[in-house]
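Some notes on the structure that comes next.
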């Protein structure tokens, strides 16, 4: 099994145990980004953002998602996901 396949298996197992495990979502997002699967990476970063309650981390993950979108080569996809992500981010209730 390749290193990426093993990492994906481990992240998936962690998320099976706890779907709100932010580090697993972040790792899965990084893995998808490295593979060039930008839409999947953004979805993982969004899930990670929604799983955390620390405003500082939310901002960092928002910036990371934007950078991932910037690497996407499809303007329509980039625009759609950026709008979708920002809508979710703005809807967060952070205590």
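Annotations
- Candidate set: segment 16-53, residues that are modelled with pLDDT of 85 or more and outside any helix (DSSP H, G or I); chosen: the one farthest from residue 83 (Cα to Cα): 18
- Only one of the numbered conditions (1) modelled with pLDDT under 85; (2) in a helix (DSSP H, G or I); (3) more than 12 Å from the chain's Cα centre (by Cα) is violated by residue 73, and that is (2).
The values are calculated or read from the model by the stated rules, or taken from the named source; none is laboratory data. Small disclaimer: the values here were computed from a predicted structure and weren't measured.
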